[in-house]
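Here's the structure we're looking at; comments come further down.
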Amino acid sequence: MITSTLYLYTETSLHAGVGSGLSSIDLPIQRERTTQYPMIQSSGIKGKLRAAREGNRNDLTDAEKELVDVVFGPPAINGAGSDHAGALITGDARILLFPVRSLNGVFAYTTSYDVLSRFKRDLEREQTEAKANWTLPDVVKDKVFVTTKSDIHSNGTIVLEEFSFDTQSDERVDTIAEWIAKHALPDFASDYWPNKVKTSLAILPNDVFRDFALYATEVITRVRIDRDKKTVERGALWTEEHLPTDTLLYVPLYATKARKKASMVTEKQVLAQIETLNNKHLQLGGDETVGRGLVRVRLGHL
């Protein structure tokens with residue numbers, strides 16, 4: 001088995017929903033049960049990867065169809081189950097960087113000890129040269145760690161949304177920011193975004209990050225208009241929650257040998273199918289026709 005990581009950078013807000021909710025938000029986003037961090041379930045990720053790789057199935061040759069089926073699993077016919085599973089195993093998309101409005105520097109890329117510790121644990125399964133050669137600063141209660149050349153704090157204080165925190169610069173945060181800029185961000189045409197991470201990364205206390213991840217998402221109000229009356233249809237007023245633009249998520253990927261009998265497709269050939277999507281755009285979640293869910297992808301071992 002070969003392990004890699006797929007990174008998803010949101011270029012528009014993203015709504016990966018769970019249907020109706022019990023809170024004041026009618027259509028909330030998917031969240032982890034224990035941490036309440038935003039996430040995207042693996043089934044949606046794998047389905048989109050297949051759709052992007054497959055395109056119009058009728059345009060593929062028989063050999064190309066067989067390769068797609070080996071990687072992702074053959075489509076069910078007349079509701080019947082498949083005769084073998086796909087060789088690509090896709091994990092859930094987990095949060096790595098969450099943008100939060102900042103008084104200085106426009107916004108901060110926030111993360112936490114808990115998020116980075118889980119991320120580093122996941123990276124330990126990769127058989128690549130891009131190992132996480134960084135260490136976290138020691139936990140200090142009510143202290144936000146920033147890079148030594150940070151643009152998001154002033155006089156030892158950072159203001160995120162309406163909350164103020166004491167900051168501490170640390171070279172270990174520089175190393176983390178440089179690693180993320182080099183190995184996790186897509187290949188943008190401009191150096192602005194890698195440099196932005198290096199000057200705007202903030203490691204928050206775990207509880208503070210969880211609260212921002214819960215309450216600093218985008219919530220928009222939508223309506224449906226009656227075409228004849230030109231007014232809002234009765235009952236057609238609702239609120240939707242979205243992951244904000246410039247969120248960075250990561251997806252653990254696992255490639256096995258082909259599970260179809262007599263197929264000689266290897267683990268590397270399985271991951272090669274995902275490499276074809278590297279630095280391209282995908283649309284995830286709902287609201288595609290109103291411009292939501294546009295993400296750029298990167299395969300981590302490249």
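Things to note:
- Among the numbered conditions (1) surrounded by 14 or more Cβ atoms within 10 Å (Cβ to Cβ); (2) closer than 30 Å to THR12 by Cα, the only one that ASN56 does not meet is (1).
- Test for THR217: is it without any contact (Cβ under 8 Å) to a residue 60 or more places away in the chain and surrounded by 15 or more Cβ atoms within 10 Å (Cβ to Cβ): no
- So ASP211, is it modelled with pLDDT of 85 or more, at negative phi and open to solvent by 70 Å² or more (accessible area, probe 1.4 Å): no
- Lone unmet requirement of (1) without any contact (Cβ under 8 Å) to a residue 60 or more places away in the chain; (2) part of a strand (DSSP E or B) for LEU6: (1)
- Within segment 151-177, being assigned to a strand (DSSP E or B), surrounded by 14 or more Cβ atoms within 10 Å (Cβ to Cβ) and among the β-branched types (Val, Ile, Thr) holds for ILE158, VAL159, THR167.
- Of the strands (runs of 3 or more DSSP E) contained entirely in segment 56-142, those carrying at least 3 residues that are at pLDDT 95 or above, within 25 Å of the chain's Cα centre (by Cα) and polar (S, T, N, Q) fall at 107-112.
- Single match in THR266, THR221 (criterion: in contact with a Ser or Thr (Cβ under 8 Å, 6 or more places away or on another chain) and of a type in the set (S, T, N, Q)): THR221
- Identification of helices (runs of 4 or more DSSP H) wholly contained in segment 188-302 with 1 or more residues that are among the polar types (S, T, N, Q) and closer than 27 Å to GLU11 by Cβ yields 192-200, 267-275.
- Per this entry, GLU233 is counted among residues that are touching a Lys or Arg at 6+ places or on another chain (Cβ under 8 Å), free of Cβ contacts under 8 Å to residues at least 24 places away in the same chain and farther than 22 Å from ASN104 by Cα.
The values are calculated or read from the model by the stated rules, or taken from the named source; none is laboratory data. Keep in mind the model is a prediction, meaning the values are calculated, not measured. Neighbour counts are summed over all protein chains in view; Cβ atoms, including those assigned to glycine, are modelled from backbone coordinates with ideal geometry. For the accessible areas, the whole protein counts, side chains as well, though only heavy atoms, and no ligand, DNA or RNA atoms are used. Shrake-Rupley method; radii C 1.70, N 1.55, O 1.52, S 1.80 Å.
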